[in-house]
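J.: Take this structure first; my questions come after.
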Amino acid sequence: MSRFVAIGLILLAACSKGKAPSAEAPPPVATVVTPSPAPPAAEVRTPGFSKKTIALPGAGPDGVMMDYLAFDARTNSVWVPAGNTGKVDVIDAATGTVSKIEGFATKEMEGKRGKRTVGPSAVALGAPGTVYIGSRGDSSICAVDEKALKKGTCGTLDAMPDGVAYVAATNEVWVTTPRDKSLRVLDGTTLAQKARLPYDGEPEGFAVDAARGWFFTNLEDKDETIAIDVKTHKTVATWHPSCGEDGPHGLRYSDVDARLIVACSAEVHVFDKTGAIVGKLGVGDGVDDLDIDTTTHTVYAGGGRAGSLSIVDMDATGALKLRAKIDTAPGARNGVVAADGAVYLSHGQGSELVVIAPEKK
């Protein structure tokens with residue numbers, strides 16, 4: 001032992017003499033509320049996928065706020081409501097070219113994380129030739145020519161819109177307005193409001209079962225999924241996704257399977273047509289909306305907190321199996337799948353879309 005080390009040990013002993021040892025405080029324990037846990041997804045990072053980004057124009061220091069995206073198979077394009085820029089960006093899926101639709105209102109509002117600027121936030125495909133845009137900037141729903149990319153008729157609500165869906169059977173636009181716990185039903189041509197449907201909960205997510213004439217939405221704060229008859233406006237079913245404290249978020253309906261797919265924060269659940277849960281799978285945390293390719297029975301769930309995209313196979317019974325989990329970016333979420341299998345996820349902090357595509361063989 002060297003003289004310097006010995007001196008150090010003597011000083012250390014002198015400093016600690018007479019002091020009682022102190023136990024370190026245990027680290028905080030996170031509590032996860034999961035009434036009916038799904039099997040965890042394996043941490044798979046599978047080769048065979050490419051990743052790229054598409055920058056969005058007009059970004060400020062806070063990035064680009066995005067919510068509900070949509071893929072338009074009729075024009076092979078991805079529609080992106082770029083909220084705080086006051087624009088809707090339309091991405092040509094073949095070339096990556098970005099076109100802009102301008103003229104949407106924005107406004108500053110107080111949110112959970114302070115002030116933010118809101119604007120166009122949701123996209124819904126209407127009858128051929130028409131795309132509907134919901135905007136939080138002025139609580140409007142506007143029809144847009146999907147080829148000319150020009151705004152047409154607009155209607156204004158007395159509550160801020162969230163999700164927007166087109167119901168072809170009745171030529172109506174259904175809008176979730178969770179701030180006043182209601183759905184709004186608009187004429188698909190004039191965009192005049194036809195009905196306000198109140199609920200004891202906050203509607204979140206949307207899907208349409210055209211065969212039965214049902215409109216699905218979640219009551220997020222009640223952890224319920226309800227089905228509404230599109231003609232009578234009566235609630236015809238109440239199902240229980242058992243998502244837990246965060247409640248259910250996005251919805252997709254697979255008409256070829258008669259399955260309703262529900263996004264929980266870190267899980268995907270599948271209902272059969274009777275309301276029984278027939279499939280569950282844990283995915284990356286932070287899922288809001290999700291998408292499905294009904295031709296391949298593939299579900300795509302982007303976990304914003306996890307920074308990953310889970311690609312999930314759904315079999316004929318509704319059971320789910322993870323095919324791949326791919327790193328995206330922290331905050332990347334709400335992916336939509338294009339005809340070629342590429343998935344476009346909104347990444348607001350980066351003012352971009354993250355695109356995950358299967359590599360060509």
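J.: Failed condition for Pro248, given (1) assigned to a strand (DSSP E or B); (2) assigned by TED's automatic domain parsing to the domain that holds Val354; (3) of a type outside the set (Phe, Trp, Tyr), with all others met?
T.: That leaves (1) as the condition not met.
J.: Another question about this same structure. Run Gly282 past the list (1) of a type outside the set (S, T, N, Q); (2) within 22 Å of Ala70 (Cα to Cα); (3) in the same structural domain as Gly348 (by TED's automatic domain parsing) and report the number of the one that doesn't hold.
T.: Of everything listed in (1) of a type outside the set (S, T, N, Q); (2) within 22 Å of Ala70 (Cα to Cα); (3) in the same structural domain as Gly348 (by TED's automatic domain parsing), Gly282 misses just condition (2).
J.: Of all residues in region 125-137, count the ones that are buried (at least 17 other Cβ atoms within 10 Å of the Cβ) and assigned to a loop (DSSP other than H, G, I, E, B). Before the answer, list the steps.
T.: Initially, region 125-137 is screened for residues buried (at least 17 other Cβ atoms within 10 Å of the Cβ), giving 125-126, 130-137.
Add one more test, that the residue is assigned to a loop (DSSP other than H, G, I, E, B), and what stays is 126, 136-137.
Total satisfying the criteria: 3.
J.: Okay, moving on. Consider Gly348 against the criteria (1) within 17 Å of the chain's Cα centre (by Cα); (2) over 30 Å from Gly86 (Cβ atoms): it satisfies all of them except one. Which criterion is unmet?
T.: Exception for Gly348: condition (2).
J.: So which of Lys325, Lys360 ends up being in the same structural domain as Arg252 (by TED's automatic domain parsing), in contact (Cβ under 8 Å) with a residue 40 or more places away in the chain, surrounded by fewer than 23 Cβ atoms within 10 Å (Cβ to Cβ) and of a type in the set (D, E, K, R)?
T.: On the way: Lys360 fails: in contact (Cβ under 8 Å) with a residue 40 or more places away in the chain.
The unique qualifying residue is Lys325.
J.: Please go through (1) surrounded by 13 or more Cβ atoms within 10 Å (Cβ to Cβ); (2) out of contact with any Gly (no Cβ under 7 Å at 6 or more places or on another chain); (3) not aromatic (Phe, Trp, Tyr) for Thr95 and return the number of the only condition it doesn't satisfy.
T.: Failing condition for Thr95: (1).
J.: Sticking with this one: The conditions are (1) closer than 19 Å to Pro178 by Cβ; (2) in contact with a Pro (Cβ under 7 Å, 6 or more places away or on another chain); (3) of a type outside the set (A, V, I, L, M, F, W, C); (4) surrounded by 21 or more Cβ atoms within 10 Å (Cβ to Cβ), and Gly250 fails exactly one of them. Which is it?
T.: In the conditions (1) closer than 19 Å to Pro178 by Cβ; (2) in contact with a Pro (Cβ under 7 Å, 6 or more places away or on another chain); (3) of a type outside the set (A, V, I, L, M, F, W, C); (4) surrounded by 21 or more Cβ atoms within 10 Å (Cβ to Cβ), Gly250 misses (2) alone.
J.: Give the residues of region 263-280 that are in a strand (DSSP E or B) and surrounded by fewer than 21 Cβ atoms within 10 Å (Cβ to Cβ), sorted by residue number.
T.: Passing the criteria: Ile277, Val278, Lys280.
Yes/no per residue for (1) in contact (Cβ under 8 Å) with a residue 12 or more places away in the chain; (2) touching a Gly at 6+ places or on another chain (Cβ under 7 Å); (3) crowded, with 17+ Cβ neighbours inside 10 Å:
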residue: Asn84; (1), (2), (3): yes, yes, yes
residue: Ser99; (1), (2), (3): yes, no, no
residue: Thr106; (1), (2), (3): yes, yes, yes
residue: Val123; (1), (2), (3): yes, no, yes
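J.: Taking strands (runs of 3 or more DSSP E) that fall entirely within region 149-228, which contain at least 2 residues that are under 25 Å from Leu290 (Cα atoms) and in contact with a helix residue (DSSP H, G or I) (Cβ under 6 Å, 6 or more places away or on another chain)? Steps first, answer last, please.
T.: Details: elements: 150-156, 164-167, 172-177, 182-187, 193-198, 203-209, 214-219.
It comes to 203-209.
J.: Looking only at region 185-226, how many residues end up being buried (at least 17 other Cβ atoms within 10 Å of the Cβ), of a type outside the set (Asp, Glu) and more than 17 Å from Ala168 (Cβ to Cβ)? Walk me through it before giving the result.
T.: Taking region 185-226 and keeping what is buried (at least 17 other Cβ atoms within 10 Å of the Cβ), we get 185-186, 188, 191, 193, 197, 199, 201-209, 213-220, 223-226.
Still in the running and of a type outside the set (Asp, Glu): 185-186, 188, 191, 193, 197, 199, 201, 203, 205-208, 213-219, 225-226.
Filter once more, so that each one left must be more than 17 Å from Ala168 (Cβ to Cβ): 193, 197, 199, 201, 203, 205, 217-219, 225-226.
Residues in region 185-226 being buried (at least 17 other Cβ atoms within 10 Å of the Cβ), of a type outside the set (Asp, Glu) and more than 17 Å from Ala168 (Cβ to Cβ): 11 in total.
J.: Identify, by number, the condition in (1) under 20 Å from Ala357 (Cα atoms); (2) free of Cβ contacts under 8 Å to residues at least 40 places away in the same chain; (3) buried (at least 24 other Cβ atoms within 10 Å of the Cβ) that Leu56 doesn't meet.
T.: That leaves (2) as the condition not met.
The values are calculated or read from the model by the stated rules, or taken from the named source; none is laboratory data. As the structure is a computational prediction, the values presented were derived from the model and not from experiment. Here the Cβ is made from the backbone with ideal geometry for all residues, glycine too, and neighbour counts use every protein chain on show.
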